[in-house]
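Single-structure report; data block below.
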Amino acid sequence: MSTVDRQDITAAELGGRVQGLLDDGLRLTLVAAHEDSEAFRVVYVLTGTGDRRVELTLRTGMDAPAIPSLASVSFPAGRFEREMRDLYGIVPTDHPLPRRMVRHKHWPTGWYPMRSDAGAPPPFGPTEGAYPFLKVEGPGVYEIPVGPVHAGMIGPGHFRFSAVGESILKLKARLWFTHKGLTKLAEGRTLADALPLAERISGDTTVGHTTAFCSAVEDALGIDVPEPARAARAALLELERLYNHVADLGALCMDVGYGILNVHTQRVREEVLRLGAEVTGHRLMRGGVVLGGSALLAVPTAARLTRIAEDVADIVDLALRQSVVVDRFTGTSVLSAQNAREIGVLGFVGRASGLDVDARRDHPSHPATASVRSVVQTQGDVLARFAVRADEVKASVDLLKELLPDLRTGRVVAEVPDRRTAAKAVSGLGLVEGWRGTIVHRVELSPDGHVTRLALADPSFFTWPALPVALNNTIVADFPVTNKSFNLSYAGNDL
């Protein structure tokens with residue numbers, strides 16, 4: 001089990017303490033507000049290599065809750081603070097961007113839905129003025145609005161382009177059109193009732209979010225998950241990584257006019273989804289991860305995994321031998337290492353810009369994941385993001401084959417302790433490398449075992465602000481392929 005260094009701090013100490021931890025190589029992973037009977041608690045979670053974890057707790061009064069802003073210290077901190085202000089009414093003092101982020105203009109003023117005294121939602125009114133999009137003016141400048149409603153099953157998001165000719169001068173991405181109040185829905189649930197909620201946070205990341213939630217609960221309760229179950233969870237995470245990466249490799253080719261490869265990747269994706277159904281009973285692998293362990297119906301064979309990897313390698317080879325693909329990918333929408341680092345980008349997008357951050361290695365759940373092969377590119381363009389995903393397919397299959405000897409069918413679970421006689425509330429943290437990047441869940445449990453607080457961050461929350469940066473000076477026609485090269489989640493962001 002991991003050890004968390006927990007510290008209570010004052011407002012005067014906050015900035016210096018966080019800056020010191022960041023300078024020491026830790027990353028700000030989560031900022032979460034909690035409402036107690038007499039005060040608000042704000043918990044700052046920072047994590048580092050070697051599974052180092054630090055939690056700083058700052059308290060503020062109920063009447064006029066306020067905290068010092070860390071936006072000048074950490075870009076992600078500033079976004080967490082805006083989210084917290086919108087949902088709890090906790091004001092980050094001296095924040096450089098004080099306008100709303102989660103609550104759109106038609107949300108009632110002064111209503112904070114996460115607070116216990118929020119009550120039923122008051123009437124939502126007409127929009128209070130236009131959204132303050134930055135106006136880019138000059139000869140030949142025009143605007144292109146896209147969304148929030150899109151084709152297909154993706155969630156809603158609005159993109160506002162300011163362009164001259166075909167060149168994008170500025171892009172603004174506006175999200176949170178369908179904020180679900182998910183963390184509020186988790187409050188008061190038993191662990192058995194909260195688990196299905198975790199499975200449905202973001203459909204294409206079922207295993208990632210379920211594993212993070214279960215890991216947080218197990219951390220809180222001191223449950224030692226059996227080694228075969230740890231191997232099973234690691235294997236399911238790689239299967240989830242496979243079917244998502246494979247689908248995106250094909251979609252990227254389709255967006256530059258090489259549609260036949262998309263047909264082939266959809267064929268491979270379908271094979272991986274069917275494999276997931278054989279292993280867990282569900283195509284998205286719901287039910288494979290359970291509290292305290294895992295539940296597998298079957299174990300894949302090394303030969304089948306090898307065929308999948310070889311099939312994808314052939315498709316990638318065909319793509320990279322076509323000038324229509326390579327020319328459109330190379331140098332398109334470059335995200336520099338400096339920008340990626342300052343924004344806090346995670347997952348394959350960060351690794352394509354030279355940031356070697358991977359929770360499988362930094363927070364290993366099984367010995368095999370601690371030595372997972374690192375896949376890093378430095379160019380930061382669409383081609384780099386394509387190449388990282390293509391190579392991660394092979395790395396995932398290699399890891400899967402290493403895990404196969406440890407996999408067991410049936411339910412492999414540790415005993416979950418009876419909380420009915422517990423004396424105090426507990427908290428725990430779960431960190432998982434989902435296919436988009438590091439997922440974090442933090443839970444607080446009452447003495448009787450109910451969820452009193454679930455706070456979480458999907459990697460999309462960190463990476464969305466990087467998309468407009470990468471698109472600067474890109475042509476409008478390359479927006480679809482750039483957007484797909486990031487493939488961020490609306491559901492994972494609009495919690």
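For (1) within 30 Å of Val4 (Cα to Cα); (2) assigned to a helix (DSSP H, G or I); (3) at pLDDT 95 or above, each residue gets a yes or a no:
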{"site": "Gly155", "(1), (2), (3)": "no, no, no"}
{"site": "Lys184", "(1), (2), (3)": "yes, yes, no"}
{"site": "Leu195", "(1), (2), (3)": "yes, yes, yes"}
{"site": "Ala198", "(1), (2), (3)": "yes, yes, yes"}
{"site": "His209", "(1), (2), (3)": "yes, yes, yes"}
{"site": "Val225", "(1), (2), (3)": "yes, no, yes"}
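Counting the residues of segment 392-449 that are in a loop (DSSP other than H, G, I, E, B), modelled with pLDDT under 95 and hydrophobic (A, V, I, L, M, F, W, C) gives 5. Applying a threshold of 9 Å to beta carbon distances and a minimum spacing of six or more residues, or different chains, the list of pairs starting in segment 250-273 at a residue that is on the phi > 0 side of the Ramachandran plot and in the same structural domain as Lys394 (by TED's automatic domain parsing) and ending at one that is in a helix (DSSP H, G or I) and not β-branched (Val, Ile, Thr) reads Gly257/Arg328.
Residue count for segment 28-43 under the criterion of being modelled with pLDDT of 95 or more and among the polar types (S, T, N, Q): the result is 1. For segment 110-139, the tally of residues that are free of Cβ contacts under 8 Å to residues at least 60 places away in the same chain, surrounded by 11 or more Cβ atoms within 10 Å (Cβ to Cβ) and within 14 Å of Leu87 (Cα to Cα) stands at 4.
Criterion applied to Ala295, Ala235, Ala216 was being surrounded by 22 or more Cβ atoms within 10 Å (Cβ to Cβ), farther than 28 Å from Val324 by Cβ and touching a strand residue (DSSP E or B) at 6+ places or on another chain (Cβ under 8 Å), and the one residue passing it is Ala216.
When you scan segment 479-493, do you find a residue that is closer than 30 Å to Ala235 by Cβ, without any contact (Cβ under 8 Å) to a residue 60 or more places away in the chain, under 15 Å from the mean Cα position of the chain (by Cα) and outside any helix (DSSP H, G or I), even just one? Yes, the conditions are met somewhere in segment 479-493. Applying the condition of being of a type in the set (S, T, N, Q) and touching an Asp or Glu at 6+ places or on another chain (Cβ under 8 Å) to segment 49-68 and asking which residue is modelled with the highest pLDDT yields Thr57. Could we say that Thr280 is in contact with a Gly (Cβ under 6 Å, 6 or more places away or on another chain) and among the hydroxyl-bearing types (Ser, Thr, Tyr) here? Yes.
Okay, residues lined up against (1) outside any helix (DSSP H, G or I); (2) closer than 20 Å to Leu431 by Cα:
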{"site": "Arg17", "(1), (2)": "no, no"}
{"site": "Gly25", "(1), (2)": "yes, yes"}
{"site": "Ala33", "(1), (2)": "yes, yes"}
{"site": "Val42", "(1), (2)": "yes, yes"}
{"site": "Gly50", "(1), (2)": "no, yes"}
{"site": "Leu58", "(1), (2)": "yes, no"}
{"site": "Ala64", "(1), (2)": "yes, no"}
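Across segment 459-474, what is the number of residues that are outside any helix (DSSP H, G or I), surrounded by fewer than 21 Cβ atoms within 10 Å (Cβ to Cβ) and modelled with pLDDT of 95 or more? Qualifying residue count for the region: 1.
Within segment 365-391, the set of residues being in a loop (DSSP other than H, G, I, E, B) and either of a type in the set (Asp, Glu) or crowded, with 20+ Cβ neighbours inside 10 Å (or both) comprises Ser365, His366, Val372, Val375, Gly380, Asp381. The condition of being closer than 23 Å to Val4 by Cα, at pLDDT 95 or above, in the same structural domain as Gly15 (by TED's automatic domain parsing) and more than 19 Å from the chain's Cα centre (by Cα) does not hold for Leu46.
Gly350: among the small types (Gly, Ala, Ser) and surrounded by fewer than 24 Cβ atoms within 10 Å (Cβ to Cβ), yes or no? Judged against the criteria, Gly350 is not a match.
The listed residues are Leu471, Leu488, Leu403, Leu407, and the only one of them that is touching a Ser or Thr at 6+ places or on another chain (Cβ under 6 Å) and under 30 Å from Val272 (Cα atoms) turns out to be Leu488. Only one of the listed residues (Glu81, Glu55) is closer than 27 Å to Glu433 by Cα, buried (at least 21 other Cβ atoms within 10 Å of the Cβ) and outside the structural domain of Val440 (by TED's automatic domain parsing). That residue is Glu81.
Residue pairs whose Cβ atoms lie under 6 Å apart, sitting 6 or more positions apart in sequence or on different chains, and linking a residue in segment 368-379 that is over 15 Å from Val397 (Cα atoms) and assigned by TED's automatic domain parsing to the domain that holds Leu237 to a partner that is β-branched (Val, Ile, Thr) and assigned to a helix (DSSP H, G or I), are Gln377/Val388. In this structure, Trp176 qualifies as of a type outside the set (A, V, I, L, M), in contact (Cβ under 8 Å) with a residue 60 or more places away in the chain and in a loop (DSSP other than H, G, I, E, B).
The values are calculated or read from the model by the stated rules, or taken from the named source; none is laboratory data. Remember, predicted model here, so these are calculated numbers, not experimental data. Counting neighbours? That spans all protein chains shown, and the Cβs are built from the backbone with ideal geometry, glycine included.
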